[in-house]
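Scroll down for the structure; my scribbles are underneath it.
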Amino acid sequence: MIERIDAIIIGAGHNGLVCGAYLARSGLKVLFLEARDAVGGMTSESTIDDDFHIAGLAHTSFPVCAKIRKDLRLEKFGYSAGKGIETITLQEDGRHLRFGRNTVSGPDLTDKDVDAYRHFKDEFFGYAKAMRPMFATRPPRLKNMDFADKMTLAKLGWNIRFGLGRESMYEFLRVAAINIYDVLEEEFEDERLKGALAADAVIGHHMGPRSPGTVLTWLARLHAELNGPLSVVSGGPSQMCNALLQAVEASGASIRTGARVKKILVDKGKAFGVELEDGEIVKAKTIVSNADPRSTFLELVGAPQLDATFIQRVTQIRGAGDVAKLHLALSGTPEFLGLSASELENRLLIAPTMRYVEHAFNDAKYARYSEQPVLEITLPSLHNDSLAPRGHHVMSVNIQYAPYDIDGGWHEQKTTFAYKIIALIGKYAPNLKSLIVDHEFLTPQDIESRYNVRQGHWHHGEMTIHQSFMMRPVHGAAQYNTPIDGLYLCGAGAHPGGGLTGLPGHNAAQRILESGIAK
Amino acid sequence: MSIPNDHFRQAIQHTPFHARLAALTQTEEWTVWNGCMAPRVLDKLSTEYFAVRSSCSVMDMSPMEKYRITGADAYRFLDRLLTRDLSALRPGRVTYVVWCNDEGKLIDDGTLFQFGDGDYRLCSQHHQFDWLMTSAMGFDVNIEVETHDVAALAVQGPTSYSVLTEAGIAGLEDLRPFGIANLSCQDFPVVVSRTGYTGDLGYEVWVSPENALPLWDAIFSVKSRYDVHAIGLSTLEMVRIEAGFIMPGFDFNTAESTVRANFDRSPYEVGLGWVVNLDKGQFTGRKALVAESKRPAKRRLTKITIEGNKPVGEAFIYNKKGGKLVGEIKCAVWSPILKANIALADIEYIGGALPKKLWARLDYQRELKWMSAWAECRPTNKPFYSPDHRSATPPSRL
Amino acid sequence: MNNYDAIVIGAGHNGLTNAAFLAKAGLRVLVVERNAYIGGATVSRELHEGWQYSSCSYVCSLFRPEIYNALDLGRHGLKIIPLVSSMTFKQDGDYFGSYSQPNIRRRELMRHSLRDADAVVRFDADVLRWCKLIRGFLLRTPPDPGSFRPRDLFEFAYLLKKYYELSESQLYEFIRFFTMSIAEYLENYFENDTVLAHYSGGSIIGTGLGVYSPGTAYVLLHHAMGDVDGNIGSWGFARGGMGAVADALASSFQAHGGEIRTDADVRRIMVAGNKATGVELASGEIITAKTVVSNLDAKRTFLQIMDEADLPPQLVHRAKHFKIRGSSGKLNIALDGMPEFPALPHGSPLTLGHMHFTDTLHRLEKAYDDWKDDRWSADPYCDALVPSQYDPSLAPPGKHMMSVFVQYCPVNPEGGWTDAKREQFGQTVIDQIADYSPNFKDLLLHVEVRTPREIEEETGLTEGNIFQGELTFDQLLFNRPFPGYAQYRGPVKGMYMCGSSTHPGGGVMGAPGANAAREILRDLRRPDTTPQEFSDD
């Protein structure tokens, strides 16, 4: 006897969990089908050499927004925002800069830049706040709008016009669509400062500081920072997932891991269930895909079930991963020049100047990995000593840029690249090499196969302007519902995109519930 | 197909039949059809017209776009491309098809030939390779442009069966309308389909380009016994309107080339609802057409007969003399066989229905002076002209 | 007599357009020009004896036919002759030509890709749709989002209405078009490398962006929406060189009673009591007028010829940060004969149009990478033209004039420009052309090389930016030149801007000049002499 299932969620990543939890709370019978053996998607743990653990592909996160925390009672299930960390941008000469929410400090920094930074962050936090109505719900359609669409636009318009005030509105309208390079050049003098901010704007994206659209990616990051400072959540982001998992289970949803969905079953434009890899068929009237849009439409639904131009748009979604990940198992604490041991718990950046970041991007444009990549380094074991044996540590490094496809193929060049990165960090932390017990290196191709995300893209698709808002992932599927009746998207490929915000999942659930299926 | 890098020296190409057409033409009235020289009229329009309606006409239709579609998914690919239910199509048969974009607007129409399992030819008026390739994503299908690899003649008219048989193509007696036969003419193979664009008895004969002239010569070799007459596009325009056939790009703007919003048309809007099957499963534009089918009709391309004998060109249509503008004539012709002005008109519906009265405002010239007149129009659902001999099998030997 | 109704600073094409419309309304107008000749960047100069160089701008397409008509420029001697083709040489010895004859154009596309030959139908329809939409806004004053005046609200409503004529999916496609890179946008249509490179080129001309930079797809319109007599996207030569545009405008202006003074360098715009009162020339001479219009770019206008004390600090800040990085160079070449291009079959018409030498998107993007690092492109994107094939007035019989526009060239290469560096830059371009034309170097009689430094020195365009300010989102529409100052009015009463720093930007359109005239006449309560845009249904 198969139990009736109202909604199937394909993929138990954090957005899927958020979405499913909302649906289950509304009384729907929700079933999660997760291909991997663990839930959590990119936030789930990986292990090196048995004794060393990395908390997730994502190693830091901003706090989940208050609404989701409260609605899903995540604190009750063990979620805490964790200890806020700061960012330290490393310089070879040891003149590092340290960034707080709107403070920056370091040697040789002018008061002018310090003031400008405070003003700049506050101003941009204002913009991020003004955009909130846009992030917190489904993107409005621009024609054939319903009441909710009009409300979203009205709130956004009000916020921009009256919330910001005239001068800030002008400034927002001026900079919103341009590149971070020009904005930073206008505001600051210190190259270190500009380099670090530029890196924040482009991390996870196939864009350089000079690419228009990077102000927007930075605003999306600030929008998450509105919830609180970045943290290496104790237990890592997977702890966030554990809380979500408990929330989901408490709401009565069931989860099947190791259950890979092969097909979404569609009849005359309507989804009615899924077929698993082993041939099992599970039926439900609502199917929610946390898989990336390209996998969802091209593989799970399949081109024959969709219109030709829609498929073409999906095929052209830009979303080749450009970040590699290096995990190091260390026999001791690395020593960074100019950093105290306690400072190592922060996020360390190697992005000394904007030109450095742009040059790193130059390589990626021509299918080469960056000779001098931008690095984001954390030592998660400083926050959670269960991740490594006593006295030992794990280091987690995001490496940008590492294109999904490189000339000559990754197989041949992976090791060389890993050594280059270790050597690069070694310039700042000379004892690092001697501490390495083992390592794991994930190219975007490895990320793709491990996490079932097409082309290994963090955000399931680039967050360029033409792939944002009512065009994310593509128009025709940008309000979480898709051309297939009963099929919804809830992953990072949908608005408002990637980052561990849970917002796509939240907004998708809102959308699904609007359709009245909970009755 | 290899194109030399100095092709700019010849802007307009010749079809494989060009030598014969050039020898026949008395008017040198050429036009360009898909990059090829094509005659408008070779000698006299009325002679050519009556060849179609009373004896046998021959028209070079080689410039028509032709695509060969093969592969394991060929059927599934076509089923998703075309609005029509193809499940009844069999090898050796042809069907009339249309296809739409995602918004359910017409991209083109054409004829689909099934030669064998997973082996089809799609003929169309406009360039479709890009759209076919776009539609092919996700299908195991191979699409080849064979426009210039296949020459074709339309042999149409009451005596066309006799002419082709006399010309040495044996085996046509069993060929039913929309059938395909692999036959030979003298010593070379031909593919004959009982299809056409004239509304009369007729065939289309397909050969490889090197056999084009022998085919032509074989057909014209019977001229001493049968009136066989080469015709141009002007005649085709007359007879296709009589038959009630529409021409994409002329009677409505094709979706891929439409610049202005709402200047494209859905199959329903041009009266082709009968080739749309919303129950067959997914095809491109289905969702939009399902929605459209539930709304009251906004407009229809309507066959109308216009009273009187004033020349009809482009004209506006009103719901009464001096009344509300409700439409426009897209194509019109004086039908010699009906002795009437007939036309296809794009007419806006009022309250989901055709306006009760239709009046055309005709502007025409007499000795260079512009005149204006009102003429009442009567809509009709049937083809203006559809003779019984069109579909008789076997056709009578005349 | 040193008192006028209006003074226009700078006799560029926008200054002259503006002045002509003011004069037509009956104002006493004086145009003052720093150089000894008029035209600004629309200029023909005999820099080598017997040759007329269009030394800066070199082709014409965007110039508004409404202005041409309203100022009667045809009768004042302007003739714009359409260009017939453009082409790209390939490294493998072949070429791609974009012919104007439709059958040949299609066959040429088919020669490179059957699919692209069909896709171009869709591409043409889509681009034309966007062109029609944008063209409607060229001769209108952008609304101010910070204002609630009925006029601004009406203008916003008009904008919205226009956009709402699109279908829902077209609306999204339009936004995508506006925000995508040209390379990615074209990849929606085409597959062939050369075709992609050929059609991308226009989108980087004059910009500080690469073919993969979001926002460049839109720039395509700045080069595609022009028309010569209804042939959308076609370019034309002004007979006699681009100076003919300025000459015709000047002639029309003078016919309406206007006066032009050359060799009159304005030192400052005089302001009293927050009102413009006139200008002071470098000679110390003072000319008074209640209306002063600057055709100079926004940076030069506010930072050089106005007193900081007369301006709101916010505006000074904006002017300082106005983005106006030059990115282009130019070679004007006197040739002893027509160069041979062995890749082209004998009799090919393609030398009559634009010639390009960059056949892949990666080469285009790499050219940009050099500029980002303040180097000229080692393998630049060049737009070469030999207009003397059409126009016998440009070179002696049998000889030719070649104009080569070069993208990218930095404002300030490391260590600054020197004459030696300029020659190296020129040599890079000559070498690239000579790769495709073996006898090219033998034909060189005179080569004039212009980097942004020379462009700035001659025309006064800050940093040699040909658009008087970059065409990025932060400097378009109501942001051009600065938010709150996009309606041609300066911060001081009676002071206006009419250059390409204002909406709709550069490209020898004349639209900024006409739009500014409309606003000035409105403030002066004079009848509007500027034209309405031709209806574009």
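The values are calculated or read from the model by the stated rules, or taken from the named source; none is laboratory data. Note that the structure is a prediction, hence the values are computed from the model and not measured. Heads up, the Cβs are rebuilt from the backbone with ideal geometry, glycines too, and the neighbour counts pull from every protein chain shown.
Grab the helices (runs of 4 or more DSSP H) fully contained in region C:140-240, keeping just those with 3 or more residues being buried (at least 19 other Cβ atoms within 10 Å of the Cβ) and either more than 9 Å from every other protein chain (Cβ to nearest Cβ) or on the phi < 0 side of the Ramachandran plot (or both).
Filter on region C:140-240 gives C:168-179, C:182-187, C:193-200, C:216-224.
Within region C:108-124, is there a residue that is crowded, with 20+ Cβ neighbours inside 10 Å and under 28 Å from residue C:512 (Cβ atoms)?
No, there is no match, as no residue in region C:108-124 is crowded, with 20+ Cβ neighbours inside 10 Å and under 28 Å from residue C:512 (Cβ atoms).
Could you list, in sequence order, the residues of region C:434-486 that are aliphatic (A, V, I, L, M) and more than 14 Å from chain A (Cβ to nearest Cβ)?
C:434, C:443, C:444, C:445, C:447, C:449, C:455, C:461, C:466 - these are the residues of region C:434-486 that are aliphatic (A, V, I, L, M) and more than 14 Å from chain A (Cβ to nearest Cβ).
Restricting to region C:503-537, and then to whatever is of a type in the set (Gly, Ala, Ser) and part of a loop (DSSP other than H, G, I, E, B), can you tell me which residue is farthest from residue C:476 (Cα to Cα)?
The extreme case among them is C:535.
I need a count of the residues in region A:56-103 that are hydrophobic (A, V, I, L, M, F, W, C), under 19 Å from the mean Cα position of the chain (by Cα) and in a loop (DSSP other than H, G, I, E, B).
Of the residues in that region, 7 qualify.
Could you list, in sequence order, the residues of region C:115-139 that are part of a helix (DSSP H, G or I) and either of a type in the set (Ser, Thr, Tyr) or over 30 Å from residue B:129 (Cα atoms) (or both)?
Result: C:134, C:135.
For region A:478-519, give me each residue that is part of a strand (DSSP E or B) and either touching a helix residue (DSSP H, G or I) at 6+ places or on another chain (Cβ under 6 Å) or not acidic (Asp, Glu) (or both).
Passing the criteria: A:479, A:481, A:487, A:488, A:489.
Out of region A:463-475, which residues are more than 7 Å from every other protein chain (Cβ to nearest Cβ) and either surrounded by fewer than 23 Cβ atoms within 10 Å (Cβ to Cβ) or among the aromatic types (Phe, Trp, Tyr) (or both)?
Residue satisfying the conditions is A:469 alone.
So which residues in region A:104-125 are closer than 15 Å to residue A:195 by Cβ, assigned to a helix (DSSP H, G or I) and over 26 Å from the mean Cα position of the chain (by Cα), if there are any at all?
Passing the criteria: only A:113.
Taking the stated definitions as given, is residue B:230 within 14 Å of chain A (Cβ to nearest Cβ), under 30 Å from residue B:334 (Cα atoms) and either modelled with pLDDT of 95 or more or under 13 Å from the mean Cα position of the chain (by Cα) (or both)?
No; evaluated as a whole, the condition is false for this residue.
Please enumerate the residues belonging to region C:37-72 that are under 9 Å from residue C:242 (Cα atoms) and hydroxyl-bearing (Ser, Thr, Tyr).
Hits for region C:37-72 are C:42, C:44, C:53, C:54, C:55, C:57, C:58.
Would it be correct to say that residue C:50 is surrounded by fewer than 18 Cβ atoms within 10 Å (Cβ to Cβ), of a type outside the set (Ser, Thr, Tyr) and touching a residue at least 24 places away in the same chain (Cβ under 8 Å)?
Judged against the criteria, residue C:50 is a match.
Does region A:415-462 hold any residues that are surrounded by 17 or more Cβ atoms within 10 Å (Cβ to Cβ), on the phi < 0 side of the Ramachandran plot and part of a loop (DSSP other than H, G, I, E, B), and which are they?
If the condition is that a residue be surrounded by 17 or more Cβ atoms within 10 Å (Cβ to Cβ), on the phi < 0 side of the Ramachandran plot and part of a loop (DSSP other than H, G, I, E, B), then A:429, A:443, A:453, A:457, A:458, A:459, A:462 are the ones that fit.
Just the residues that are farther than 23 Å from residue C:60 by Cα and in contact with a strand residue (DSSP E or B) (Cβ under 7 Å, 6 or more places away or on another chain), please, taken from region C:314-336.
Once the filter is applied, which keeps residues that are farther than 23 Å from residue C:60 by Cα and in contact with a strand residue (DSSP E or B) (Cβ under 7 Å, 6 or more places away or on another chain), region C:314-336 yields only C:336.
For the structure I just gave you, tell me whether residue B:84 is crowded, with 22+ Cβ neighbours inside 10 Å, away from every other protein chain (no Cβ under 14 Å) and at negative phi.
yes
Considering only residues that are more than 14 Å from chain C (Cβ to nearest Cβ) and outside any helix (DSSP H, G or I), which ones fall in region A:126-142?
Within region A:126-142, A:131, A:136, A:137, A:138 qualify.
Where residues in region B:229-245 are aliphatic (A, V, I, L, M) and buried (at least 22 other Cβ atoms within 10 Å of the Cβ), which of them is nearest to residue B:17 (Cα to Cα)?
Only one residue tops the list, namely B:230.
For region B:28-39, which residues satisfy the criterion of being more than 14 Å from chain C (Cβ to nearest Cβ) and surrounded by fewer than 19 Cβ atoms within 10 Å (Cβ to Cβ)?
Result: B:28, B:29.
Taking region B:178-193 as the search range and keeping residues that are without any contact (Cβ under 8 Å) to a residue 60 or more places away in the chain and part of a loop (DSSP other than H, G, I, E, B), which one is surrounded by the most Cβ atoms within 10 Å (Cβ to Cβ)?
Taking the candidates together, the pick is B:186.
Counting only residues that are modelled with pLDDT of 95 or more and away from every other protein chain (no Cβ under 14 Å), give me the strands (runs of 3 or more DSSP E) lying completely in region B:104-177 with at least 2 of them.
Per the criteria, B:106-116, B:119-124, B:151-156.
Which of the helices (runs of 4 or more DSSP H) found entirely inside region B:210-317 contain at least 1 residues meeting this: without any contact (Cβ under 8 Å) to a residue 60 or more places away in the chain and more than 30 Å from residue B:80 (Cα to Cα)?
Of the helices (runs of 4 or more DSSP H) lying wholly inside region B:210-317, those with at least 1 residues that are without any contact (Cβ under 8 Å) to a residue 60 or more places away in the chain and more than 30 Å from residue B:80 (Cα to Cα) span B:212-220.
Could you tell me whether any residue of region A:406-414 is within 14 Å of chain C (Cβ to nearest Cβ), under 30 Å from residue C:218 (Cα atoms), assigned to a loop (DSSP other than H, G, I, E, B) and touching a residue at least 40 places away in the same chain (Cβ under 8 Å)?
The answer is no, given that none of the residues of region A:406-414 is within 14 Å of chain C (Cβ to nearest Cβ), under 30 Å from residue C:218 (Cα atoms), assigned to a loop (DSSP other than H, G, I, E, B) and touching a residue at least 40 places away in the same chain (Cβ under 8 Å).
For residue A:398, all conditions in the list (1) part of a loop (DSSP other than H, G, I, E, B); (2) touching a residue at least 40 places away in the same chain (Cβ under 8 Å) hold save one; what is the number of the exception?
(1)
Could you tell me which of the residues B:321, B:330 is assigned to a loop (DSSP other than H, G, I, E, B) and either away from chain A (no Cβ under 14 Å) or farther than 30 Å from residue A:482 by Cα (or both)?
From the options B:321, B:330, the qualifying one is B:321.
Quick one: count up the residues across region B:67-81 that are surrounded by fewer than 24 Cβ atoms within 10 Å (Cβ to Cβ) and either touching a strand residue (DSSP E or B) at 6+ places or on another chain (Cβ under 6 Å) or in contact (Cβ under 8 Å) with a residue 60 or more places away in the chain (or both).
9
I'm trying to understand the selection: among the residues of region A:288-318, which are more than 30 Å from residue C:213 (Cβ to Cβ), free of Cβ contacts under 8 Å to residues at least 12 places away in the same chain and surrounded by 21 or more Cβ atoms within 10 Å (Cβ to Cβ)?
A:303 - this is the single residue of region A:288-318 that is more than 30 Å from residue C:213 (Cβ to Cβ), free of Cβ contacts under 8 Å to residues at least 12 places away in the same chain and surrounded by 21 or more Cβ atoms within 10 Å (Cβ to Cβ).
Does any residue of region B:12-27 turn out to be within 14 Å of chain A (Cβ to nearest Cβ) and either assigned to a strand (DSSP E or B) or over 21 Å from the mean Cα position of the chain (by Cα) (or both)?
No.
For region C:240-254, state whether one or more residues are in contact (Cβ under 8 Å) with a residue 12 or more places away in the chain and within 22 Å of residue C:494 (Cα to Cα).
Checked against the condition, which is being in contact (Cβ under 8 Å) with a residue 12 or more places away in the chain and within 22 Å of residue C:494 (Cα to Cα), region C:240-254 yields at least one hit.
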